[in-house]
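The values are calculated or read from the model by the stated rules, or taken from the named source; none is laboratory data. Remember, it's a predicted structure, so these values are computed and weren't measured experimentally. Note that we place each Cβ from the backbone using ideal geometry, even for glycine, and neighbour counts take in every protein chain shown. Surface accessibility is based on the protein's heavy atoms, side chains included, excluding ligands, DNA and RNA. Shrake-Rupley method; radii C 1.70, N 1.55, O 1.52, S 1.80 Å.
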Amino acid sequence: MELKKQFTFLGLFKKFHEEDTQPIEINDANIYCYVNGNVLCEINSQVNQHINDKISDEFVPISKLKGETIKPADIMQFRKLDRLETEIEMVQQPYDGDYEIEGKTVEGWKIKAIIADANFPVTFGVDNSKNMEQQGKSQVRLRDLDIDYNLDSLEEGGTEEIAYGLANIEVIDNFKAKIGNLEAEVCIESVSTRERESSNKSGILSAEMTLRNIRENEQDSYENYCAWLISLLSLASGHCVDKIYRIKAVRSEHFQIKSEYWSGRKLRSEARGIAVIQSPDLYLFIQQCAKKLTRETFSDKGVGLALTWYIDTFVSPRAEVNFLLLCTVLESLKEAYFIKDSKKKLLPKNISQKIRKKILDVVSDCQKEIDNPDVLEKYNIFSSQVRESCESGSYNKIKKDLRTSLQEMFKTYSVPYEDLFPGLEFIKIRNDIVHKGFKKVDVPLELYKLSNLVVRVFLAILEYHGNYMEYIKIEIDDPLGRSKHGLICRSFPFIASEDNTESNSIDTCS
């Protein structure tokens, strides 16, 4: 696998979650960062043995007879004392936390990283295990690698930009776009690697996204905007776009890199989603949608949350699960954009409070007339439910069923849906799956239609105007009655009633 970065490290191997009085020194170790996100630390066989012994010794509890002393050389014989609890006491509790390495590179950079899978012995690297063994070296996998370039003179300066290495996104042309109403901008560039030129291009570094001039505060940060943009890229590409690294830079007299972070975690698997936006239209899509990149739109209860549910459908192999996930997308968007309706009152506050008082008085008076213990027990339950309803004010709120709320949302954002579900029939399918556990319809067929509807809602809320892709059923005579679907290019927005026209339904995307 191709290397992206490597350096030599000197420091300590120690416990991460508690103080360690017996750390292990590491000298002349090499740390390798690969384009597939893996981070490995190469150590010699002697250090490797010390690390494995340390983990093994600290993983088990150690006991001794009360009143006796214990020497390090006698630890093994005290590990499994077959004595009564009154005769023994614990010398060492088992350590269940993580381990870390901490130190500096030969260049003077400060390094911190967590050991991945510390409960397992250090193993040789998969790609070059024989060569490593011959050299007397081993590799340990790292995660959460932090590199601090120790630019003390720049401590007072704010972050100028952060570059994120991305996997699973194809970028043909490099481009920039403004974010919201800010001076901030995003720049997305293609990254060429030897692995990308091979047949397998998934799960490796493919693009770099740089954010500049984000005004950070308690609610907004570079990480928030990065997460929102990655969600948009995932929606566009139909892939689980993922971060590999993060490079923070500042500007003093000269532009300099201040810190770097590699997660070292396994990337999400290659997705099976639809490429809603083809690569030539990616710039237009991001340029338009970046204007809606605000907390109001992408809050935890807005498009940001809905997109996480949508992206989960890329990974799940079951049509029924994906159908429920897409229903959750629509319901979460409905809650986010129609929450104001739930706050509207049927009656003015002064009138509802008078009615509430009379209701509670009647309920309280009725208790005096009940002398049957069984009835009284049920009365207490009834009374608590009435009081709970009065306290929450739910009885005085405007309530709409799911179908009505969704229809209003579609109308508000001019989302065409009649060609897919004229009566929102997917609601009944959803209820059958959840409450009855069986299906009376072709769920995969309905899933394609529901996916089209969800995509349209996203595009409408994001105010996108341009080409996009949808599923379309291909009419064929199949002996087994199976349906077949392909992709069709449309221009959004469009009117559903015009969908039957040849020119509107089979546009050709660039």
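Here are the numbers:
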quantity	calculated
Computed E for residue 381/residue 181 - FRET, C-beta separation, R0 56 angstrom, nearest 0.05	0.60
Peptides ranked, highest mean first, by Cβ atoms within 10 Å: ranges 22-29, 370-377, 278-285	278-285, 22-29, 370-377
Ordering of 163-172, 422-431 by burial proxy (mean other Cβ atoms within 10 Å per residue, highest first)	163-172, 422-431
Size of charge dipole - the stretch 229-323 - debye, nearest 20, with Cβ of Lys, Arg +1 and Asp, Glu -1, no other charges	280
Fraction of accessible area attributable to carbon and sulfur, the stretch 217-333 (%, probe 1.4 Å)	50
Rounded accessible area of residue 309 (nearest 10 Å², 1.4 Å probe)	90
Probe 1.4 Å - accessible area at residue 193, Å² to nearest ten	10
Relative packing of peptides 233-239, 286-292, 360-366 - highest average C-beta neighbours within 10 Å first	233-239, 286-292, 360-366
